[in-house]
Structure formats: structure tokens, C-alpha cells
Amino acid sequence: MASFVKGLELDKEDFSGKLIAIEEADNVDGCFCSSCLIWQCLSRPDSCLMLVALHRPFSHYYHVGMKLGYNLASQSERAAILEMGKSQAELSAGEDESLKKLVVDLRERIKSFAEYKRIYIFVDNLSSLLFLGYSVRQVKIFVHYLRTLLSDKVTVVLSAQTDAEDEDELELASLLRHIADLQLRVAPLSTGSSQAVSGSIELRKKDHAKVESWTKSELYHYKLSERNVRVFRPGNV
């Protein structure tokens, strides 16, 4: 959504060939971040997307999109949805081969979208794979496979939930922080609940002018309403 994208100044970023990581800390629901980035993608006629729904069903993204002003169901020509929750038999065994097949499928779909200048690949909640029997090592290898899909026209957006007491989830989040070009960490307010603020977003960007360096992290607050996501600096409610 425009207020979210502009509030974080993401409209000034070139995401081509970049990996974006969304960490939903302390099991907060940060799905709105992906939904707003999907809005940004679909607002450009030269862009398309693939959504690998590991955790939340397509219906969830459809209803959130309708509230934010876009109809994901009407974009079938440039929005491919892989709803893995309906085919868990392929993933429940925790075998590497099924994840490799998923990456091969995504690679073939990229070819089918050759007419578009920008292709976004969204993977919803990598942490779900841990609950399907995959080890953290297998999920990390899967992430590296996904990185091979990056190109001048392909952007990969990965999300993961973290629980402060789950070592595997924290290890996965640490990997995403290390490899991402841009990271959004969504978390509850450290001071507790508030009627005016829903939570915080920490934004970190890789400084490509320096090897393995990051720009200074920036902290924002956000407020969720029925049809809007408002982002602002702390103290500017």
C-alpha cells in the first residue's frame, strides 16, 4: 500500500536482483508487509509475481489485498500462486528432493513470465518448513537454492516467524539477516500494547558501497486499521 511503501521510503529503492527478508519477531503477524509489497508489484504493469504460500492460504492474501485495494484473484495472468498448504504430502516427509522440485518449478515459471521486466517471488513463512519435519540445515539449503533465482529482473522476498525460545527459528532468522539486501523486522512494542501504535518495524539495508556492511538501522512504528497500514517515526503518531 502506498502509505506503507512511502512511509519506509521503499518507493525510492530499486529491488531488481535483491533479496528482501521479513522477520516476524515474537510470532507477531507481519503478513501486511508482504501484502503491501505485493500491492507495489501489481501497481506496475511491467511486473508479475509468484507467491509460495507455505503458511497462510491464498484466501488470506486475497482478503487482505481486497482491503488494501487490489484483487489478487483477478491478476491470474501475472500472479502465480503455489498454495503448498493444499499439497503438504509433497513436503511433509522432510525430503530435500521436494524442495529442489519447488525451486525447479519456480525457475520454469520465471521463463513463462519472460515478457515482464520485473518478477517478484514471495515465500511466505519459511519457519513453516520446520514444523513439516525439515531440519534447519535443509531450510537453509533451500534458501540458498532460492538465491540462485535472483537476476537483474528477479526479486526474492522471504519471510520467517521467530520465537525467542526456538533456536532453529533464530538460526534461520540470523541467516536471512546476513544474506538479505534489505531487511524488515516486525515486532511488538517493547513498552507493551498501545491503542495508537500496533508495533515496530526495524529497517536495515546493505551498503553496497562497502563489502559486508550495513547502513544504520532505522526504527519506525506502524498502525494497522481495517483498510490501511500507516508507518511513521516514533513520536509522530
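Just need a number here: residues in the stretch 114-125 that are closer than 14 Å to Val156 by Cβ and modelled with pLDDT of 95 or more.
6
Given (1) in contact (Cβ under 8 Å) with a residue 12 or more places away in the chain; (2) outside any helix (DSSP H, G or I), identify the lone condition not met by Thr191.
So the condition that Thr191 fails would be (1).
Return yes when Glu171 is over 24 Å from Ala53 (Cβ atoms), of a type in the set (D, E, K, R) and either at pLDDT 95 or above or in contact with a helix residue (DSSP H, G or I) (Cβ under 9 Å, 6 or more places away or on another chain) (or both) and no when it is not.
No; evaluated as a whole, the condition is false for this residue.
Kindly establish whether Gln138 is more than 24 Å from Asp207 (Cβ to Cβ) and part of a helix (DSSP H, G or I).
It is true that Gln138 is more than 24 Å from Asp207 (Cβ to Cβ) and part of a helix (DSSP H, G or I).
Do any residues in the stretch 202-231 that are closer than 17 Å to Lys12 by Cα have Cβ atoms under 9 Å from those of residues that are modelled with pLDDT under 90 and part of a strand (DSSP E or B), where the two are at least six apart or on different chains, and which pairs are they?
Arg204/Trp214; Lys205/Trp214; Lys206/Trp214; Asp207/Trp214; Thr215/Lys206
Which one of Leu102, Leu106, Leu175, Leu130 is within 18 Å of the chain's Cα centre (by Cα) and either closer than 22 Å to Arg44 by Cβ or not in a helix (DSSP H, G or I) (or both)?
Being within 18 Å of the chain's Cα centre (by Cα) and either closer than 22 Å to Arg44 by Cβ or not in a helix (DSSP H, G or I) (or both) holds for just one of Leu102, Leu106, Leu175, Leu130, which is Leu106.
Pick from the stretch 17-29 the residues that are surrounded by fewer than 20 Cβ atoms within 10 Å (Cβ to Cβ) and under 22 Å from Tyr145 (Cβ atoms): which of them is nearest to the chain's Cα centre (by Cα)?
Here the answer is Lys18.
Just wondering, is there one or more residues in the stretch 106-118 that are β-branched (Val, Ile, Thr) and surrounded by fewer than 21 Cβ atoms within 10 Å (Cβ to Cβ)?
The answer is yes, given that some residue of the stretch 106-118 is β-branched (Val, Ile, Thr) and surrounded by fewer than 21 Cβ atoms within 10 Å (Cβ to Cβ).
Being modelled with pLDDT of 95 or more, surrounded by 13 or more Cβ atoms within 10 Å (Cβ to Cβ) and touching a Gly at 6+ places or on another chain (Cβ under 7 Å) narrows it down to one residue among Leu176, Leu150, Leu132; which is it?
Leu150
Look through Asp96, Asp105, Asp14 and report the one residue that is out of contact with any Ser or Thr (no Cβ under 7 Å at 6 or more places or on another chain), within 25 Å of Thr148 (Cα to Cα), at pLDDT below 90 and of a type in the set (Asp, Glu).
One residue alone meets the criteria, Asp96.
I'd like the residue in the stretch 30-59 that is closer than 28 Å to Leu129 by Cα, part of a loop (DSSP other than H, G, I, E, B) and touching a residue at least 40 places away in the same chain (Cβ under 8 Å) and, out of all such residues, is nearest to the chain's Cα centre (by Cα).
Gly30
The values are calculated or read from the model by the stated rules, or taken from the named source; none is laboratory data. What you are looking at is a predicted structure, and each value in this text was computed from that prediction instead of being measured. Note: ideal-geometry Cβ built from the backbone for every residue, glycine included; neighbour counts use all protein chains shown.
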